[in-house]
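Report on one structure; see the data block that follows.
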Amino acid sequence: MNVGAFVCGCGGTCGLDLEEVREGVRDVDVVASSELLCEGGLDGVDHVIDEYDLDQLIVTASDDRCRRTFRELVDRKGLHPDAAAFVDHREGSAWVHDREAATDKTARLLNATYAGLEEEAVSRTVSREAGDSVAVVGDPETAAALAESADVTLVADGREFANVDADLDDVDIARGEVVDVDGRFGEFELTLESRVTEACIDCMECVREGPDSVTARPVQIPADAPDGEWTEVCPTDAIDMDGTTRRIAADQVIYPDAEQDTRGGRVGYYTHVDAATIAAVESQLGGIEKPAFLDLEMDVCAAGESSQEGCTACTDACPHDAVGRPSVDSVEFDEVACQNCGACTSACPTGATQLREPSNRRIAREVEALLNAENDDGGWLFNRGSSGIDQPVVAFVCSEQAADRLREYGRRAAIEEDVSYPPVLPVKVNCTDTVGEAHVMHALAAGADGVAVVGCGESCLHSGPDPKAELVERLNRACTDLGVGERVTFLAPGSDPEGFCTELETFVDGLDESPVPAGEHEAEGTIEGDIDRPAFASHAWTLESVRTLLEHVDPDREVIRGLKDFGWMDVSDACNLTPTCTNLCPTDAIQRTNEGDLLFNHERCVNCGLCEEGCPETAITMQDGLDLSLLPENREGPTDGVPGELGAAWSRVYEGEMQECVRCGKPFASAGTVDKVRGEVGNAVEGIAPESPHSVFEYCGDCRTHLLFERGEN
């Protein structure tokens, strides 16, 4: 990929030092600037594309018209339609920061954009066919609006439609009240209850004779209507006062009065109505084809095994009902229902689910590029204490409402409103749900003084109000335990910029300089010698970042609290060394030795809880937190009871005793297990081998078989 970076001064209205920006851009094949790229500088860009055979442009262009100009140029040059990437150097930089800080930030943003493009995922799609049927519950106007394009059923839900001001000639009207909606896009099923059966011929006798609450269109008897002789007037016996149930199928459902059963809504199921709802329904008639948002590697999933429920992180996190549990020990993703918020991916400790775009690897590279101010000559565009960015703070910015609000702040600053805020380094994410402990800890390990998670002002479109309060609290606890103090915040830009600007300034002013040098750490997202898990899974990536931080700090505690993907186990004397925990552990963090000991690897454990839940003796208790003393680098070598070849990552958590077979000498079960079985079934097998001087429980399975066979021969 031949890449050119192009910097525009917007006719002198940006106030950037174009030469300094050019000096700060690295890695690209060519960097050029102009006071007005989209006008007088456009021919020059055309010439540079040919001279350097460019197939990717990175352009500082904030205005929609300017971006269209470059897309048209890309099209004329025969490049890929997405060959132009854009950097906001104006609303998010020059108009809200001083000249030096905006210059520094723009160069960093260009470098981060290049780093992100290097990790861009190859596009992939998912699809599902569906029909044109739409069930609309209790809203005749919406039903009428969709009637020309869809096969609409209007579910009465107890309402009277005899005199509504809507054209329902092309709408089927279904009597009954909705008691349940189940299924997914293309396969919804509504359960209706009614006191009038399908035998009704609309003769209206019950409407005339019955109470006023009986509706005429459709004929329907409400649940609170009294019994009486009037119920006998129906010529087809269609009245059933005990109620009848029926089900109707629909590809999509609009149910304005329903309580939203998922925080962010479901594909094809709408609990509010506006123009966007109508457009969405019509666009999905016949089916959906959409980008695939997730990479799934379920072989490493810690959701459960052997009928035990383990990690529930993804199902708990998903706000769109796109993750389900068809059984207690399995997880199923509906990629069509996925809405790309990243909630499941930031919650997953093992990497079983990861966002395709932006991937964790891409986010990591963008963060590292933003924090590295070194230019191609090995010098620095600006140093700490100079006029550039003195305090590098990474801001994970939601690309939906939050990004729009910050852009609007910049436009207001351009018309001389008093709007300015510290020059934080933005990384756009699909939603703040994308951001988990691994992203924040990596930014701190890469040298950020602090991390701000910037989300939607009123309420997250996916997860509701203040979606990151719990994350911020946990990570500030972890940072405090690590000895660096609180360095994480969540901010939501509202309609009035003053509150956001003040909160951000207060946060940045309260940060001490990070003890970690900025721009030196490049994450691999793995643990050396770890089992085969995807790189940049939350557990491994977080641990890598913590280890980098520990090279520069002295922690205040041995056990770091607040990191959810880490746990360590206590094992009581009730342990009988049954192999349940070792079989269930999805990360091979537990081993049982031939000597009867139970070993644990804290470095591998993702705190899924399967071992604790599945232990038949309830001997295991999992404790939360990252115990630094259990990491191999903090130990001189293998501890007591750990075979030398396993190394210092393993600890003995239970010292047991194995029963050796009195015939062949092979260890075959723990002494505790033998005693337990003897106590439960000993009376039933007493005397089964009277010729043997030993109990049948003192033999291994093979020798016990031989013993009984020999008894049979005698």
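The values are calculated or read from the model by the stated rules, or taken from the named source; none is laboratory data. A quick note: this is a predicted structure, and the numbers were derived from the prediction, not measured. Here the Cβ positions follow ideal geometry from the backbone for every residue, glycine too, while neighbour counts run over all protein chains shown. Each accessible area value is taken on the protein alone, full model and side chains, heavy atoms only, with ligands, DNA and RNA left out. Shrake-Rupley method; radii C 1.70, N 1.55, O 1.52, S 1.80 Å.
Applying the condition of being part of a loop (DSSP other than H, G, I, E, B) and small (G, A, S) to the stretch 476-495 and asking which residue is farthest from G447 (Cα to Cα) yields S495.
Any residue at all in the stretch 603-617 that's under 17 Å from D570 (Cβ atoms), of a type in the set (D, E, K, R), open to solvent by 10 Å² or more (accessible area, probe 1.4 Å) and assigned to a strand (DSSP E or B)? Checked the stretch 603-617: no residue is under 17 Å from D570 (Cβ atoms), of a type in the set (D, E, K, R), open to solvent by 10 Å² or more (accessible area, probe 1.4 Å) and assigned to a strand (DSSP E or B). I'd like to know if the stretch 650-668 contains one or more residues that are touching a Cys at 6+ places or on another chain (Cβ under 8 Å) and aromatic (F, W, Y). Looking through the stretch 650-668, at least one residue is touching a Cys at 6+ places or on another chain (Cβ under 8 Å) and aromatic (F, W, Y).
Among the residues of the stretch 448-473, those identified as among the charged types (D, E, K, R) and open to solvent by 30 Å² or more (accessible area, probe 1.4 Å) are E458, D466, E470, E473.
Being hydroxyl-bearing (S, T, Y) and within 19 Å of A83 (Cβ to Cβ) is the filter here, so list the residues in the stretch 99-137 that pass it.
T113, Y114, S123
Of everything in the stretch 647-666 that's buried (at least 20 other Cβ atoms within 10 Å of the Cβ) and part of a loop (DSSP other than H, G, I, E, B), which residue is nearest to the chain's Cα centre (by Cα)? Among residues in the stretch 647-666 that are buried (at least 20 other Cβ atoms within 10 Å of the Cβ) and part of a loop (DSSP other than H, G, I, E, B), the one nearest to the chain's Cα centre (by Cα) is A649.
Would you please name the residue that is nearest to V178 (Cα to Cα), looking only at residues in the stretch 219-233 that are in contact with a Ser or Thr (Cβ under 9 Å, 6 or more places away or on another chain) and assigned to a loop (DSSP other than H, G, I, E, B)? Outline the logic, then answer.
Initial filter on the stretch 219-233 (in contact with a Ser or Thr (Cβ under 9 Å, 6 or more places away or on another chain)): 220-222, 224-225.
Remaining after also requiring assigned to a loop (DSSP other than H, G, I, E, B): 221-222, 224-225.
Values: I221: 14, P222: 13, D224: 16, A225: 18 Å.
Here the answer is P222.
When the stretch 509-526 is filtered for residues that are within 27 Å of the chain's Cα centre (by Cα) and over 14 Å from L371 (Cβ atoms), the ones remaining, listed by number, are E524, G525, T526. Among residues of the stretch 44-59 that are farther than 22 Å from D88 by Cα, those with a beta-carbon under 7 Å from a residue that is open to solvent by 70 Å² or more (accessible area, probe 1.4 Å) at least six positions away or on a different chain give the pairs Y52/D29.
Please go through the stretch 124-142 and pick out each residue that is assigned to a strand (DSSP E or B) and surrounded by fewer than 21 Cβ atoms within 10 Å (Cβ to Cβ). Write out each step before concluding.
From the stretch 124-142, those assigned to a strand (DSSP E or B) are 125-129, 133-137; that's our starting set.
Passing the criteria: T125, V126, S127, R128, E129, S133.
None of T618, T593 is touching a Pro at 6+ places or on another chain (Cβ under 8 Å) and of a type outside the set (D, E) except T593. Of the residues making up the stretch 124-161, those that are of a type in the set (K, R) and over 17 Å from A258 (Cβ atoms) number 2. Total residues in the stretch 321-353 satisfying the condition of being out of contact with any helix residue (DSSP H, G or I) (no Cβ under 9 Å at 6 or more places or on another chain), open to solvent by 30 Å² or more (accessible area, probe 1.4 Å), farther than 21 Å from P467 by Cα and not acidic (D, E): the figure is 3. Screening V181 on (1) out of contact with any Gly (no Cβ under 7 Å at 6 or more places or on another chain); (2) more than 30 Å from V126 (Cα to Cα); (3) assigned to a strand (DSSP E or B) shows it passes everything except condition (2). Looking across the stretch 398-418 at every residue that is open to solvent by 10 Å² or more (accessible area, probe 1.4 Å) and among the aliphatic types (A, V, I, L, M), the one that is farthest from E513 (Cα to Cα) is identified as I415.
Residues in the stretch 229-255 that are touching a helix residue (DSSP H, G or I) at 6+ places or on another chain (Cβ under 8 Å) and either more than 30 Å from A279 (Cα to Cα) or basic (K, R) (or both): W230, T231, V233, C234, P235, I239, M241. Among the residues of the stretch 489-499, at least one is open to solvent by 10 Å² or more (accessible area, probe 1.4 Å), under 23 Å from the mean Cα position of the chain (by Cα) and modelled with pLDDT under 95.
The single condition among (1) closer than 25 Å to P140 by Cα; (2) open to solvent by 80 Å² or more (accessible area, probe 1.4 Å) that R263 does not meet is (1). Just one of the listed residues (A145, A115, A121, A85) is assigned to a strand (DSSP E or B) and under 30 Å from V336 (Cα atoms), namely A85.
When R533 is tested against the conditions (1) more than 27 Å from R356 (Cβ to Cβ); (2) open to solvent by 20 Å² or more (accessible area, probe 1.4 Å); (3) modelled with pLDDT under 90; (4) of a type outside the set (A, V, I, L, M, F, W, C), the lone failure is (1). Note on the stretch 26-54: among residues that are modelled with pLDDT of 95 or more and under 38 Å from the mean Cα position of the chain (by Cα), the one that is least open to solvent (accessible area, probe 1.4 Å) is L54.
Here's the yes/no breakdown for (1) part of a strand (DSSP E or B); (2) open to solvent by less than 10 Å² (accessible area, probe 1.4 Å):
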position	(1), (2)
I173	yes, no
L190	yes, yes
E193	yes, no
D202	no, no
R208	no, no
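Residue pairs whose Cβ atoms lie under 7 Å apart, separated by 6 or more positions or on different chains, with the first residue in the stretch 86-115 and under 18 Å from S34 (Cα atoms) and the second of a type in the set (K, R), are F86/R67; S93/K105. Kindly indicate whether any position in the stretch 83-104 is under 30 Å from E505 (Cβ atoms), touching a His at 6+ places or on another chain (Cβ under 8 Å) and open to solvent by less than 10 Å² (accessible area, probe 1.4 Å). Yes, the conditions are met somewhere in the stretch 83-104.
Pick from L598, L631: which is of a type outside the set (S, T, Y) and either over 30 Å from V488 (Cα atoms) or surrounded by 22 or more Cβ atoms within 10 Å (Cβ to Cβ) (or both)?
Numbers: L631 fails: either over 30 Å from V488 (Cα atoms) or surrounded by 22 or more Cβ atoms within 10 Å (Cβ to Cβ) (or both).
One residue alone meets the criteria, L598.
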